[in-house]
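Take a look at the structure below.
The values are calculated or read from the model by the stated rules, or taken from the named source; none is laboratory data. Please read these numbers as outputs of a predicted model, since none were measured by experiment. Virtual Cβ from ideal backbone geometry, glycine too; neighbours counted across all protein chains shown. When the accessible area is computed, the model is the full protein with side chains, heavy atoms only, and any ligands, DNA or RNA have been set aside. Shrake-Rupley method; radii C 1.70, N 1.55, O 1.52, S 1.80 Å.
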Amino acid sequence: MLRNLIGVLFDGIAYGSLLFVISIGLSVTMGLMNFVNLAHGAFAMLGGYACVVLMTHAGVPFLATLPVAFVVAAVAGIVLERSLYQRLYKAPHLDQVMFSIGLVFMSVAALTYFFGPSQQPVRMPDFLRGQLFVGDFIYPKNRLVMLVIAAIAVTLTWFLIYRTPFGRVVRAGVQDPEMVGALGISLEPYMMAIAALGVGLAGLCGV
C-alpha cells in the first residue's frame, strides 16, 4: 500500500514538474512583459514536433533534441515578439487574449496540415526505458529524467532573473520603464530575450 502511494506521489511530482516549468515560462512572459500570451501551449507543441522530426526523420539522439527544441521555440517567440507582440504591449488585456487565442487556432491548423491529426510515434531511447529499483520502490527512468531537467531549468531561470545584471534590468523595466529609459537603456532587446526564454521553456517541456 505504501509503495503504491509513493509511486503515485512520484508520478504526480514528475508530471507536475513539467507543468511547473511551462508555468514559469508563462509567468515570465506575463510578469516581465505584461503580455497575456494564451498561445503559450502552442510553443510547447512546436518543441514536441521539433523533437519528433529530428528523432524520426533525422536520427538525432533524444538528448540532442532538447536544446534544439528550446531554440526552435525561442526563435519562433522572437519572430512573433518583433513582428506582432510588441504592437500589443499597450493594448488592453482582452485584445491580447483574443490575439493569442487566434494564434492557437492557426498553429494547430498549420501543424495538422503538415503532420496530420494522428499522434506521432517516437521511440524512447534505451536509457529512458525501464525502471530504477531503490529498495522496495520502483521509479520509471523517464520520470526521473523529467525531474532532473525540470530542476535544472528552474534553477537556471531563477539565477538569470534574480542574480544577473540582465535580470535586474528586466525587473527594473517592469517596475518603472520610464526611469530605465531615462537612463539610456533600451528595453526592446530585453523584452525580446524574455520572450525567447519564456517560450523556449515551453518548447523544452513539449519534448
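Checking the a/c ratio against 1.5 first, then a/b against b/c, what shape does the Cα gyration tensor give for region 108-186?
It comes out oblate by the Cα gyration axes.
Exposed loop trypsin sites (Lys or Arg not before Pro) only (DSSP loop, at most 16 other Cβ atoms within 10 Å): please give the longest stretch of the chain free of them, not including the sites. Walk me through the intermediate numbers first.
Working: sites that count: Lys90, Arg123, Arg129, Arg163.
The answer is 1-89.
List every DSSP H helix in the chain whose Cα atoms extend 18 Å or more along the helix's own long axis and whose mean Kyte-Doolittle hydropathy is at least 0.5.
Numbers: long enough: 2-33 (45 Å, 1.58); 40-57 (26 Å, 1.16); 62-83 (32 Å, 1.82); 93-115 (33 Å, 1.43); 141-162 (32 Å, 1.63); 188-206 (27 Å, 1.35).
Correct list, ordered by number: 2-33, 40-57, 62-83, 93-115, 141-162, 188-206.
Apply the a/c threshold of 1.5 to the C-alpha gyration tensor of region 1-90 and tell me whether it is rounded, prolate or oblate.
Judged from the Cα gyration tensor, region 1-90 comes out oblate (a/c at least 1.5, b/c at or above a/b).
Please report, as a whole percent, how much of the solvent-accessible surface of the chain comes from carbon and sulfur atoms (probe radius 1.4 Å).
Answer for the chain: carbon and sulfur cover 71 percent of the accessible area.
Using a 1.4 angstrom probe, figure out how much accessible area the chain has per residue, in square angstrom, rounded to the nearest whole.
Per residue, the chain has an accessible area of 57 Å².
Divide by every residue of the chain the summed helix terms, -39500 (n - 2.57) for each DSSP H run of at least 4, and state the resulting mean residue ellipticity at 222 nm, rounded to the nearest 500 deg cm²/dmol. Before the final figure, lay out each step's value.
Values: 8 runs with 153 residues, N = 207.
Taken over the chain, the calculation gives -25500 deg cm²/dmol.
What number, in percent, do you get for the relative contact order of region 48-129 if the mean sequence gap of Cα pairs under 8 Å and at least 6 apart is divided by its residue count?
Normalised by residue count, the contact order of region 48-129 is 37 percent.
Sorted by packing (mean other beta-carbon atoms within 10 Å per residue), highest first, where do 177-184, 47-54 land?
Ranked from most to least packed, the peptides come out as 47-54, 177-184.
Quick check for you: which residues of region 142-169 have the amide N under 16 Å from the point 7 Å beyond the Cα of Ser27 toward its beta carbon?
Of the residues in region 142-169, 150-163 have backbone N under 16 Å from the label point off Ser27.
Please state the relative contact order of the chain as a whole percent: Cα pairs under 8 Å, 6+ residues apart? Intermediate values should be presented prior to the final figure.
On the way: 240 pairs, mean separation 93.5, N = 207.
Once divided by the residue count of the chain, the mean separation gives 45 percent.
Let me check against my output: what whole-number percent is the relative contact order of region 1-93, with C-alpha pairs under 8 Å and at least 6 apart?
Normalised by residue count, the contact order of region 1-93 is 25 percent.
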